[in-house]
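What follows draws every value from the coordinates through simple rules; no lab data is involved. Since the model is a prediction, treat every value here as computed from it, not as a measurement. Ideal geometry is used to build each Cβ from the backbone, glycine not excepted, and the neighbour counts take in all protein chains shown.
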Amino acid sequence: MVNLTIDNRKIQAEEGQTILDVARKNGITIPTLCHNDALEPSGSCRMCSVEIGEGARAKVVTSCLYPVAEGLVVNSGSERVKNVRRTVMQLLLARSPESEQLARMAEDLGIHPEPRFKPSEDGSKCILCRLCVRTCETVVGVSAIGFSFRGPEKNVCTPFHESSNICIGCGACASVCPTGHIEMHVSPSGDVRTIWGRDFKMAACSKCGLYFAPEDQLTYISGRTGVPMEELMVCSSCR
Amino acid sequence: MTIKIKSFGELKELQEKIKAGRDPRKPGITLCVGTGCLAHGAMKVADAFREEIDKRGLSVKIDFRKTGCHGFCERGPMVIISPENIFYQHVKVEDVGDILEKTILKGEVIDGLLYANPQSGEKYVHEDEVPFYKLQTRTVFGMNSKVDPKNMEDYLAVDGYSALAKALAMNPEDIVREVVTANLRGRGGGGFPAGRKWEETSKAKGSPKYVICNADEGDPGAYMDRSLLEGNPHLVLEGMIIGAFAIGSSEGYIYVRNEYPLAVENINVAIKQAREAGLLGENILGSGFSFDLKVNRGGGAFVCGESSALFASLEGRAGEPRAKYVHATEKGLYDKPTNLNNVETWANVPFIIQNGGDWYAGIGTDHSKGTKIFSLVGKINNTGLVEVPMGTSMREIVFDIGGGILNNRKFKAIQTGGPSGGCIPEAYLDMPVDYDELTKVGSMMGSGGMIVMDEGTCMVDLARYFTNFLASESCGKCVPCREGLQRMREILVDITEGRGQEADIELLESLGASIKDGALCALGSSAPNPVLSTIRYFRDEYEAHIKEKRCPAGVCKALITYSVDPAKCTGCTLCAKVCPVGAATGEKKKVHAIDPDKCTRCGACKESCQFDAIIVR
């Protein structure tokens, strides 16, 4: 166990935890955009920035990655921290003005758009939080999507923006996306799901007959787990 | 070379044998074929020398050696005649016959090929008298002019690999202690003490341990690492092998940009030679220590010079940095203990081992030791690579060694530390150049780039230029760097094009502070430096652009107009002749005029005017 201070509160924590883990366990709110408990932290949104240390040695770090240590002094709401959060939020508001989720979060944090940043007109709601890419890689284990280009041109896509033949159409990327940028469409009868520019044939539940999952996804799960396909052909409601 | 050197004794014997076979009085011609000289046509000069030497049957009578960069790139191609050490500059194919005929055979000095001081006109015969060289301390870089990078015998002839033999007979902990005592700080950017890195890596748990040479030099205008790797690859190798032994590593990588084909070629040749000679691979020099390394070519992303992005790239992933709250010395490449140093840092190591850490710590300032190679470029007379002790004043570097500003114009500022360094104004010219002093004035050492600017440089436009570079080179992983630099660039473009707004300077300052605090890696956290330092020292220029819609330096096209000064114009018609759009017109011997609607502000008239009659406002 280590002893640290967050916002003048003395806290005991287990070694190896991050500042964010410990803060949340102790009811201290730190905003995040790219964090998800099911994933390793990425440190890309910088919303969870906090200030550590005191005086000239004080510095801003990302709480989702910084490991707690004995004697650590954390300030989760210093002026420097507020400036970083405000800047990050204003930059993202200008990048994705159409995202309702971002607008709501900004309002909660009392942050207003910076009028000097001309709002982007491309209609993209993607804030490059990387949750989709990390989920596909580490939770699903497929890596069907990744990034292309760098800097301002960076974007999430399938390789060469072509329809991916390794994507299983599971839709985990769309469900984890915090801004609703990744779109998934289902045909009126429910037999086809479209995502990342590819149509996936849906499997019907062997009991109730409802379409419930892409065939490619079931084949993938069967291959990974060894569970026969027949057993997987039952939807979660009938199971 | 195919002889395998099996012991320290055999290395010494071989060095002595090579030296004994070389007569110091024998006439020699050393030609620089570093990248700068190659661009000046040095390869054609080299071919001409070979041909003429053969034709005159002189090949046994004289030594002809092609070497890497000597540093005085402005004056290439360069030739040094030994044993007298005569220095010829701007040597052309036509001069080759003369050099052989007059200087080599008759001992005459060719006046037309000598270097003349651009200010005083004074001429210098010998290399060590030329102020550019005389005022330097070329400890690390000086060897470049003595070795053919593809010939390992040349390196052995200057006692190359003696430091390795000495190190292999020492305790690894003692080697680390020497580097700690030397207080060698990283030459690549951060300036972190190399000895501490070595210490941490050697103590870290985990296997294997890696040593890496960062040769992903990406600062525009900086090429000291390139020149070391191209010109003296064995020196870098020797440093790395010593480091690997001290740390307890058996595997290493050299990460070099693919845009440096000659560096890639020469380091690969050197590795092959060192392996064949038993200096790399299994049981080095019979010591029982084994170490080998691979060359990995980088794809050209600026960010891959950042150590954690470099690891990602080496591992086959996209070059994106990660947080370094756990040091690479514990978890670096493949999450194993890793010691990464830059090319120049490694090149310093053999000298520290040979002469001792105390000797090294005797050079430089309190917290910055040794010499540093700077790449002096921009509006300067002596463009080139300059090695001086830490603490040398900026004025000495720019004016005494660099020969002052091009065309006798006025010095305005110097950008140090690469694109994410800061701009230092004239008031600080006498400051000693070291890590801490540069940081104090809002800039940094970086890898040692120095871009000199004259009065014709607009500081807002300069900040826009570097911010544009950094915005496009941001990896895009974290929000402050990716989005923030883009917005900074937009605002700077607005200011330079006359759309600046009242509160822009304050916004740039606060945005800059947030990016510094919030960015994930050193690229992002240093990226606001060009903007913040130019605002700090040249705020009035920003204000002139925003409030008066005026570019004081006469650079920003949207804010300037060209006109003719009737008092100075002689009606020579030259401006009308060079104007590409017919905006400058007038009759012979009568005052000319420029039509502002037609004028594209290309500056051709101003450059051509002999009477300084073109006004830019």
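Observations on the structure shown:
- A simple packing score, the average count of other Cβ atoms within 10 Å per residue, orders the peptides B:478-484, B:164-170 as B:478-484, B:164-170, with the highest score first.
- Positive dipole terminus of chain B, leading residue within B:T345, B:F311, B:M224 (C-beta point charges): B:F311
- Listed values for the range B:110-119 are Karplus-derived 3J(HN,Hα) couplings in whole Hz (6.51 cos²θ - 1.76 cosθ + 1.60, θ = phi - 60°), namely 8, 4, x, 9, 7, 7, 10, 4, x, 7, and x replaces Gly and Pro.
- The range B:26-127 - Debye-derived log10 I(q)/I(0), Cα point model, q = 0.11 Å⁻¹: -0.29
- Beta bridges per DSSP with both ends in the range B:26-127, % antiparallel, nearest 5: 65 percent
- For the peptide A:145-152, the mean number of other protein chain Cβ atoms found within 10 angstrom of a residue's Cβ is 6.
- Restriction of the GluC sites (Glu not before Pro) in the range A:1-80 to DSSP coil positions whose beta-carbon has at most 11 other beta-carbons within 10 angstrom yields A:E14, A:E15, A:E54, A:E70.
- Residue exposure sequence - A:I168, B:I212, A:I11 - by fewest surrounding Cβ within 10 Å: A:I11, A:I168, B:I212
- Pairs spanning more than 20 Å between alpha-carbon atoms, out of B:K516/B:K557; B:K123/B:K372; A:K82/B:K440; B:K12/B:K166; B:K294/B:K336; B:K55/B:K92: B:K516/B:K557; B:K123/B:K372; A:K82/B:K440.
- Cα centroid separation - the range B:2-74 against the range B:132-164, whole Å: 12 Å
- Net charge contributed by nearby residues that have their C-beta within less than 12 Å of B:R550 (K/R +1, D/E -1): -1
- Exercise: per-residue mean of other protein chain Cβ atoms within 10 Å, A:113-120: 4
- The Rg/Rh ratio for the range A:2-109, using Cα coordinates for both the radius of gyration and the Kirkwood hydrodynamic radius, is 0.98.
- C-alpha long axis of helix B:529-547 to longest principal axis of chain B, angle in °: 10 degrees
- Acute angle (nearest 10 degrees) that the helix B:42-55 long axis makes with the longest principal axis of chain B, alpha-carbon atoms: 50 degrees
- Summarising the overall dimensions of chain B from its C-alpha atoms, the Rg and Dmax are 26.4, 86 angstrom.
- DSSP bridge pairs, chain B: antiparallel proportion in percent, nearest 5: 55 percent
- Using a Förster distance of 35 Å, the FRET efficiency for A:D191-A:H161 (Cβ separation, nearest 0.05): 0.85
- Principal axis dimensions, the protein assembly as shown - Cα atoms, whole angstrom, descending: 104, 83, 55
- Loop-resident trypsin sites (Lys or Arg not before Pro) (DSSP state other than H, G, I, E or B) in the range B:367-441 with no more than 16 further Cβ atoms inside 10 Å of their Cβ: B:R409, B:K410.
- Dipole magnitude (debye, nearest 20) for the range A:22-136, charges at Cβ of Lys, Arg, Asp, Glu: 200 debye
- Here's the picture: charge each Lys and Arg Cβ at +1 and each Asp and Glu Cβ at -1 in the range B:141-190, and of B:A163, B:G188, B:V176 the one pushed furthest to the positive end of that dipole is B:G188.
- Integer Hz, Karplus 6.51/-1.76/1.60 couplings in order for the range B:316-328, x for Gly and Pro: x, 9, 5, x, 10, x, 10, 5, 10, 5, 9, 5, 4
- Amide H partners (placed H, <5 Å) of B:K412, local residues excluded: B:M453, B:D454, B:E455
- Other protein chain Cβ atoms within 10 Å, averaged over every residue that makes up B:509-519: 6
- Site pair B:A39 and A:K207 shows an inter-label distance of 7.4 nm when each label is modelled 7 Å from Cα along Cα→Cβ.
- In the protein assembly as shown, helices alone account for a calculated mean residue ellipticity at 222 nm of -9500 deg cm²/dmol, with every DSSP H run of four or more residues adding -39,500 (n - 2.57).
- Centre-to-centre, using Cα atoms only, the range B:171-246 and the range B:552-590 are separated by 55 Å.
- The range B:371-454, relative contact order in percent, only Cα pairs under 8 angstrom and at least six apart counted: 37 percent
- When each of B:F132, B:F8 is scored by the number of other beta-carbon atoms lying within 10 Å, the sequence from fewest to most is B:F8, B:F132.
- DSSP beta bridges fully contained in the protein assembly as shown are about 65 percent antiparallel.
- For a straight C-alpha distance cut-off of 13 angstrom, the aspartates and glutamates reachable from B:K203 (same-chain residues fewer than eight places away being disregarded) are B:E173, B:E330.
- Shown for A:S175, A:S96: other C-beta atoms within 10 Å of each C-beta, ranked fewest to most, produce the order A:S175, A:S96.
- Sum of side-chain charges, B:T201 neighbourhood, beta-carbon under 15 Å (Lys, Arg +1; Asp, Glu -1): +3
- Less than 5 angstrom separates the built amide H of A:Y211 from those of A:C205, all sequence-distant by 5 or more or on a different chain.
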